[in-house]
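Before any comments, here is the structure.
Quick note: the coordinates plus some simple rules give every number you see, no bench work behind them. Remember, it's a predicted structure, so these values are computed and weren't measured experimentally. All Cβ positions, glycine included, derive from the backbone under ideal geometry; neighbour counts span all protein chains shown.
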Amino acid sequence: MPEAQPDRKPLSAPQKALQKLGLVRDIDLALHLPLRYEDETRIVTLRGARDGQLAQIEGTVTHSEISFRPRRQLLVTLDDGTDTCTLRFFTFYPAHQKALAVGARVRVRGELRGGFLGWTMVHPAFHAAGGELPDALTPVYPTSAQLPQAYIRKAVASGLKRADLSETLPPALLGGLQTVVRGTWTLRDALQYLHHPGPDVSLDALEDRSHPAWQRLKAEELLAQQLSQFTARQERAALSAPALRLLPGGLHEQLLAALPFALTAAQRRVGEEIARDLMRQLPMHRLLQGDVGSGKTVVAALAAAIAIDAGWQCALMAPTEILAEQHFAKLIGWLEPLLAPLGKRVAWLTGSQKKKQRTEMLALIASGEAALVVGTHAVIQDQVQFRNLALAIIDEQHRFGVAQRLALRSKMGPDMPDGEPHLLMMTATPIPRTLAMSYYADLDVSTIDQLPPGRTPIVTKVVADSRRAEVIERIRGQLAEGRQVYWVCPLIEESEAIDLSNATATHAELSQALPGVLVGLLHSRMPVAEKKAVMSLFTGGQMGVLVSTTVIEVGVDVPNASLMVIEHAERFGLSQLHQLRGRVGRGAAASACVLMYTPPDGGRLGETARERLRAMADTSDGFEIARRDLEIRGPGEFLGARQSGAPLLRFADLTTDTHLLDWAREAAPVMLAQYPAQAERHIARWLGGKAEYLKA
Ligand code: ADP
Ligand code: MG
């Protein structure tokens, strides 16, 4: 017999809506700040009013009628003693007419329009005159359709009343804070004020968030973020990793000697930074950033050589099978001849592997015979047991979630049960350096700021789709010179079917326009084996043109490809466009990227789309692109989406609030060392359950 469930009241629709907005704890409600304010604190006279003013007036109804021209409406004349105003209602009920009957005294609020026929207000809010005026502005909150403004106002007001807003900052740090925020505002004062500012407030200062109340709030938010970063750093400092020494005459040296090129100065410098980290007993936590084509893979291979030489295993993880396979091919080419004499092998793991091969690989990994393991997400699955993993390298780290990064860190193996492997993350979508250094206190950053010599800059052209024929002509030109061409169609997740038909149509169009040329098609729904077959024809040079919807898997290295055409370029993000463009210009040949856009029917492209395309045409420097991206999108979104999968900063803006960030960076370590309980309370208040998540 099923047990009786204890009576639990089901959540009402607005309660559910609150939950959906993440407004669960009192503090969440208290930190849900208004979008804007309405002023109900004063009554203006019609004589003193301005056209377009959002105004509250009070007066007597002198006339009321239902008019049918131009359409049915209720027209009410209100006289406030200085002038009259016509109120218009296109939808109304008998109750409206009754409340607005001739002789009634009412208070109305709406947008005043002055015209030839005198003042009018369309659909003003109204109620009977009298009653006290509120002494603060009325907040208008971000909300959803299921959540009426009046409901959320009440919920926030009571959350604000109940929330524990007691001071978390020790007096020793308060003085410094008050200097940077220019005032003695406590968190409670600041929130009270931002929810219910007095009528004399400068709305500008509230809007641009320069008001001291805002400053205090942002400083607190940044402090919480820095505290969690420093905590993560401290926790890592308590862990140990194997100290890996570079052996003279060892694998590292042999690999360097075997490379067909000399390292750039930048590659040497970051290589040394990594080698220094590996020598320490502290787990490395380093981000290697470098523009597309700057040569991160070889730096990774050199780091792997150090670990392997010291008798440990190394894992390299890439977000897609094709990328993983590329690494595999290159690393095998470089490392396998050096590993063979040591009796070591390279293993690889992907989702599409046959059972037998997989079992074999798992055994190699568990025994330690596989010194290097390359693969996709398959590398972090539970069945994968390392013998002694000392170094984990993640390529295109932003494509991996935090949980996946954490999983990799727990794979050390039995040789060092309490240890953690060194972690090297690589990215071609750089965070502007100053931002990275100051914001990510728990991350060391190495930057390759130089491309290998002999690359010719990529010429970027932005053209309308109406010039397709010219673009195809250009492809012919490249093919005639023995070059190869990528053509990318966008992937919109909601409408994969449409994309596919776009790509298929383009594929047919190009096949027809380019007789005698092998034109391939690559899309996300294809079985892996088929994808690989297409890729190998393109890599091998037999295929002249590759049409692809799978943006990610174009992360490939075919130096003979010299032209990248991107269809519907307006639908791609800036960093995506930059990544795609980076697929050409990898050899010595002059390369070009054509960004084709399709304006909406009869219209113009939106402003941000145009800004993105302009940025692409202006520069091919990944750091400059990242800076523009930051400008166009704002840092909250930039860092959030890119680095952690969740937005980190709600209030502070790293481009304008550097003084607050500087303060938080100095205060955080002091607070952790001297006031740990308060620090913990501060983190819990601001980050709640998310704190763990911010560490990886
Ligand atoms: P990314 O940083 O985008 O991952 P890769 O590591 O794929 O770049 O390198 C891009 C290409 O440049 C590869 O073909 C690689 O072999 C080559 N390369 C790397 N370093 C150098 C160098 N110092 N000199 C010449 N070519 C290099
Ligand atoms: Mg790469």
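Observations, loosely collected:
- Principal-axis tilt of helix 468-480 within the chain, Cα atoms, nearest 10 degrees: 10
- Figure legend: label point modelled 7 angstrom from the Cα of Lys16 along Cα→Cβ; residues of segment 146-161 with amide N under 14 Å from it are 146-147.
- In order through segment 358-369: 3J(HN,Hα) via Karplus (6.51 cos²θ - 1.76 cosθ + 1.60), integer Hz, x for Gly, Pro: 5, 4, 4, 5, 4, 5, 4, 6, 5, 7, x, 5
- Residue among Gly81, Ala304, Ala371 farthest towards the positive dipole end of the chain, charges placed on Cβ: Ala371
- Normalised by the number of residues in segment 277-426, the average gap of Cα pairs under 8 Å and 6 or more apart makes the relative contact order 32 percent.
- Put a plus charge on the Cβ of each Lys and Arg, a minus charge on the Cβ of each Asp and Glu, and nothing anywhere else: the dipole of segment 160-281 about its Cα centre is then about 400 debye.
- With a Förster radius of 22 Å applied to the C-beta separation of Leu239 and Arg276, the computed FRET efficiency comes to 0.75.
- Only the Cβ atoms of Lys and Arg (+1) and of Asp and Glu (-1) were treated as charged; on that basis the dipole of segment 32-148 about its Cα centre amounts to roughly 480 debye.
- Straightening the chain between Arg571 and Asp164 buys 142.0 nm, computed as 0.36 nm per residue apart minus the Cα-Cα spacing.
- About its Cα centre, the chain has a charge dipole of approximately 760 debye under the convention of +1 per Lys or Arg Cβ and -1 per Asp or Glu Cβ, with nothing else charged.
- Cα gyration tensor shape of segment 42-133, rounded if a/c is under 1.5, else prolate or oblate by comparing a/b with b/c: oblate
- Protection proxy ranking, peptides 478-488, 42-52, 16-26, 304-314, average beta carbon neighbours within 10 Å, highest first: 304-314, 478-488, 16-26, 42-52
- Other-chain or far-sequence residues with amide H under 5 Å of Met425's (modelled H): Arg286, Leu287, Leu288, Ile394
- Gain in span if fully extended, Ala95 to Arg455, counting 0.36 nm per residue against the direct Cα distance: 121.9 nm
- Under 5 Å from the amide H of Val463 lie the amide H atoms of Leu595, Met596, Tyr597, each residue being 5 or more positions distant or on a separate chain, with H modelled from the backbone and absent for Pro and chain starts.
- With contacts taken as Cα pairs under 8 Å and at least 6 residues apart, segment 42-133 reaches a relative contact order of 30 percent.
- Residues Phe538, Phe92, Phe116, ranked from the fewest to the most other C-beta atoms within 10 Å, line up as Phe116, Phe92, Phe538.
- Nearest-ten-degree value, helix 658-674 long axis tilted from longest Cα axis of the chain: 70
- Annotation for Gln383 and Leu35: the two label points, set 7 Å from Cα along the Cα-Cβ direction, are 5.0 nm apart.
- What the phi angles of segment 441-454 give under the Karplus curve with 6.51, -1.76 and 1.60, with θ = phi - 60°, is a coupling list of 4, 9, 9, 9, 10, 10, 10, 8, 10, 7, 8, x, x, x Hz, glycine and proline written as x.
- For a label point 7 Å along the Cα-to-beta-carbon line of Glu336, residues of segment 361-375 with backbone N under 16 Å: 361, 370-375
- Pairs exceeding a 27 Å alpha-carbon distance, out of Lys98/Lys161; Lys356/Lys411; Lys20/Lys154: Lys98/Lys161.
- Cα shape, segment 203-256, gyration tensor, a/c 1.5 rule: oblate
- Using a cutoff of 8 angstrom between alpha carbon atoms and counting only pairs six or more residues apart, the relative contact order for the chain works out to 13 percent.
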